[in-house]
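Since the structure comes first, as structure tokens, the remarks are kept for the end.
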Amino acid sequence: MLALLIFAACQESLEERCQREARDYTAKNCPLPVGENVVMDSMTFDAATHTIAYIYTLSGVVDDTAAINRSNPRESLLKSLKNTPHLKLYKEAGYSFRYTYYSAKQRGQKLFDTTFREKDYQ
């Protein structure tokens, strides 16, 4: 009986796990260069909306709203999300995924922001 109580106390909910993983990933890896002129600043989780958010900063030639819009990032991000196996658990739970890109040259300026919900990636 005691072992069962200890086991139950050690279990974390999916929301708690996601919150922990986002916090730990950010602390251990960010800022993280993910490509030329692209740095991942953080990963967060909003338990109220079940949204995992990825925050990036763009610099150089990609630090431009017009260039971003020409590249159709929503389509490529959705393709990547659909093909990312380590997010399977969260996709099966119907979580949302948000991608936000900010400008390095104009701090605080949002260049692109999109959210994918279950209906988008299933």
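The values are calculated or read from the model by the stated rules, or taken from the named source; none is laboratory data. Remember, predicted model here, so these are calculated numbers, not experimental data. All Cβ positions, even for glycine, are placed from backbone atoms using ideal geometry, and neighbour counts span all protein chains on display. The accessibility values were calculated without ligands, DNA or RNA, using every heavy atom of the protein model including side chains. Shrake-Rupley method; radii C 1.70, N 1.55, O 1.52, S 1.80 Å.
Can you give me the ranges of the helices (runs of 4 or more DSSP H) entirely in the range 8-122 with at least 3 residues that are open to solvent by 80 Å² or more (accessible area, probe 1.4 Å) and without any contact (Cβ under 8 Å) to a residue 60 or more places away in the chain?
On the way: elements: 14-29, 65-71, 73-82, 88-92, 118-121.
Those helices (runs of 4 or more DSSP H) span 14-29, 73-82.
Out of GLU36, GLU118, GLU12, which single residue is in contact with a strand residue (DSSP E or B) (Cβ under 9 Å, 6 or more places away or on another chain) and acidic (Asp, Glu)? Lay out the reasoning, then the answer.
Details: GLU36 fails: in contact with a strand residue (DSSP E or B) (Cβ under 9 Å, 6 or more places away or on another chain); GLU12 fails: in contact with a strand residue (DSSP E or B) (Cβ under 9 Å, 6 or more places away or on another chain).
It is GLU118.
Determine whether SER42 is touching a Cys at 6+ places or on another chain (Cβ under 6 Å), under 28 Å from ARG17 (Cα atoms) and among the small types (Gly, Ala, Ser). The answer is yes for SER42. The residues of the range 65-122 that are modelled with pLDDT of 95 or more and at positive phi amount to a single one, GLY94.
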